[in-house]
1. Note down the net charge around Glu47, summing +1 for each Lys or Arg and -1 for each Asp or Glu among other residues with Cβ under 12 Å from its Cβ.
2. By how many nm would the segment from Cys60 to Thr98 grow when fully extended, if each residue of separation counts as 0.36 nm and the alpha-carbon distance is taken off?
3. Taking the Cα centre of segment 36-114 as origin, sum charge times position over the Cβ atoms of Lys and Arg (+1) and Asp and Glu (-1), and report the length of that vector in debye to the nearest 20.
4. Would you calculate a helix-derived [θ] at 222 nm for the chain, using -39,500 (n - 2.57) for each DSSP H run of n ≥ 4 and dividing by the full residue count, to the nearest 500?
5. Leaving ligands, DNA and RNA out of it, report the carbon-plus-sulfur percent of the accessible area of the chain at a 1.4 Å probe.
6. Within segment 51-139, which trypsin sites (Lys or Arg not before Pro) sit in a loop by DSSP and count at most 11 neighbouring Cβ atoms inside 10 Å?
7. Taking just the alpha carbons, could you work out the radius of gyration and Dmax for the chain, both in angstroms?
8. When ligands, DNA and RNA are left out and all protein chains stay put, how many square angstrom of accessible area per residue does the chain have with a 1.4 Å probe?
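The values are calculated or read from the model by the stated rules, or taken from the named source; none is laboratory data. Small disclaimer: the values here were computed from a predicted structure and weren't measured. With ideal geometry, Cβ positions are generated from the backbone for all residues, glycine too; neighbour counts draw on all protein chains shown. Protein only, heavy atoms only, side chains kept; ligands, DNA and RNA dropped before computing areas. Shrake-Rupley method; radii C 1.70, N 1.55, O 1.52, S 1.80 Å.
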Amino acid sequence: MTPYRHRVNYYETDKMGVTHHANYLHWMEEARIAFLDQLGWPYDQLEALGVVSPVTAVQCHYRAPTSFSDQVDVAVSIRSYRCPKLVVAYEMRKADGTLVFTGESSHCFMDRAGKFLRLAKVLPAFDAALRAQLPAEES
């Protein structure tokens with residue numbers, strides 16, 4: 001998968017000139033949405049099918065600062081998938097290769113009424129697309 005590319009905006013920095021820590025969460029979401037697009041399952045399409053995927057947990061590790069105009073590439077991978085739970089991993093690097101952030105977000109799959117979904121039954125093609133992205137030891 002192609003990493004998501006983000007250029008740090010001026011408004012994303014704080015008084016010290018570094019990116020405010022909360023913005024990395026936004027970039028995680030932007031990258032996850034781009035990842036689903038690349039899988040062929042845009043999030044708006046999933047929502048139109050009645051599937052939602054709320055965040056249940058987030059883990060962040062800030063490794064190096066970024067600042068205005070830095071280009072940050074966000075690599076996304078699936079750490080684990082045992083439906084209805086999905087764990088997504090993120091690695092962010094500056095254009096020069098400097099590791100700036102690692103993290104994970106956990107999600108579940110539900111219908112709009114709040115009932116957990118077994119994707120293998122309701123969306124087997126999406127389930128298969130997610131499973132195809134699992135690390136070899138998980139698949």
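1. Numbers: positive: Arg112; negative: Asp44, Asp111.
Within the 12 Å Cβ shell, the charges total -1.
2. Numbers: separation 38, 0.36 × 38 = 13.68 nm, distance 1.66 nm.
Roughly 12.0 nm would be gained on extension.
3. Around 320 debye, computed over segment 36-114.
4. Numbers: 4 runs with 35 residues, N = 139.
Helix contribution divided over all residues of the chain: -7000 deg cm²/dmol.
5. Working: 4140 of 7800 Å².
Percent of accessible area from carbon and sulfur atoms in the chain: 53.
6. Numbers: sites: Arg63, Arg79, Arg82, Lys85, Arg93, Lys94, Arg112, Lys115, Arg118, Lys121, Arg131; in loops: Arg63, Arg112, Lys115, Arg118.
Those satisfying the criteria are Arg112, Lys115.
7. 15.9, 50
8. Details: 7800 Å² over 139 residues.
In whole numbers, the chain has 56 Å² accessible per residue.
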